[in-house]
Amino acid sequence: MTERCEVVIVRWPGQVPSSGDGLAGLLAAYHLRTEAEKGAAVGGVDGLPERYRAEISDPGAAFAGDAVLVALSGGAAVGCVVVTAPVGGRAEIKRLWTDPEFRGRGIASGLLRAALAHAAEGGVGRVRLSVWEWRAGAIALYERFGFVVTESWDGRDRLVCMERVVCE
């Protein structure tokens, strides 16, 4: 049986996450895993594209104006998600990640639920996201939360674009 632990979702709209909060490690793990899954594995953060290194080295600057939500368990960061600032009534969910050691405990669902609540509180009408087609578990999670596949806004191959109405 998977051990359940208390998870607290911390929101940072308008706040700058500190460098010691574990967010950088979560973002690094996310990007390294994604590059490996795309067949472009790199030996470490220094091998990542500059835009990803910038997120890891200074999440506060990279996501200025966005809401960064972090799941904490016993004070340790175990998951994260970013909700972009709304543009034209639409926000985007990015970087949903749970530390592999903490998967199966509802952390991603909790983060997604909090992200959608944050969007609704901000009056966002629609939330969109993109996910690699091989991440079947993530796609299934998004579908359970009412996201549907939509026309792509991103030209990258194998990227699935999804959208959900938050409030109308």
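The values are calculated or read from the model by the stated rules, or taken from the named source; none is laboratory data. Because the structure is predicted, anything quoted here is derived from the model rather than measured. FYI the Cβ positions are ideal-geometry reconstructions off the backbone, even for glycines, and counts take in every protein chain you see.
Check region 76-88 and report whether any residue there is out of contact with any strand residue (DSSP E or B) (no Cβ under 9 Å at 6 or more places or on another chain) and either among the aromatic types (Phe, Trp, Tyr) or over 24 Å from Cys167 (Cβ atoms) (or both). Scanning region 76-88 turns up at least one residue that is out of contact with any strand residue (DSSP E or B) (no Cβ under 9 Å at 6 or more places or on another chain) and either among the aromatic types (Phe, Trp, Tyr) or over 24 Å from Cys167 (Cβ atoms) (or both).
Conditions tested, residue by residue: (1) out of contact with any strand residue (DSSP E or B) (no Cβ under 9 Å at 6 or more places or on another chain); (2) at pLDDT below 55; (3) farther than 21 Å from Gly65 by Cα; (4) among the hydroxyl-bearing types (Ser, Thr, Tyr).
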residue	(1), (2), (3), (4)
Cys5	no, yes, yes, no
Ile9	no, no, no, no
Gly14	no, yes, no, no
Pro17	no, yes, no, no
Asp21	no, no, no, no
Glu35	yes, no, yes, no
Gly39	yes, no, yes, no
Leu48	yes, no, yes, no
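Name the pairs: first residue in region 115-139 and charged (D, E, K, R), second residue modelled with pLDDT of 95 or more and outside any strand (DSSP E or B), Cβ to Cβ under 8 Å, at least 6 apart or on different chains? As it stands, the answer is Glu133/Ile139, since those pairs meet every condition given. Residues that are over 20 Å from Val127 (Cβ atoms) and out of contact with any helix residue (DSSP H, G or I) (no Cβ under 7 Å at 6 or more places or on another chain) within region 58-98 comprise Asp58, Gly60, Ala61, Leu72, Gly74, Gly75, Ala76, listed in sequence order.
Sub-6 Å Cβ pairs linking a first residue in region 67-89 that is touching a residue at least 40 places away in the same chain (Cβ under 8 Å) and among the hydroxyl-bearing types (Ser, Thr, Tyr) to a second residue that is surrounded by 18 or more Cβ atoms within 10 Å (Cβ to Cβ) and not in a strand (DSSP E or B), at least 6 apart or interchain, are Ser73/Val7, ordered by first then second residue.
Restricted to strands (runs of 3 or more DSSP E) entirely inside region 54-168, those with at least 3 residues that are of a type in the set (A, V, I, L, M, F, W, C) and out of contact with any Asp or Glu (no Cβ under 8 Å at 6 or more places or on another chain) are 67-73, 76-83, 90-98.
A count restricted to region 81-117 and to residues that are closer than 25 Å to Ser152 by Cβ and more than 13 Å from the chain's Cα centre (by Cα) stands at 6.
For every residue, the table says whether it meets (1) more than 18 Å from Pro86 (Cβ to Cβ); (2) of a type in the set (A, V, I, L, M).
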position	(1), (2)
Gly123	no, no
Arg128	no, no
Glu133	yes, no
Glu143	yes, no
Val148	yes, yes
Asp154	yes, no
Leu159	yes, yes
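Of everything in region 70-102 that is among the polar types (S, T, N, Q) and closer than 24 Å to Arg51 by Cα, the residue that is surrounded by the fewest Cβ atoms within 10 Å (Cβ to Cβ) is Thr84.
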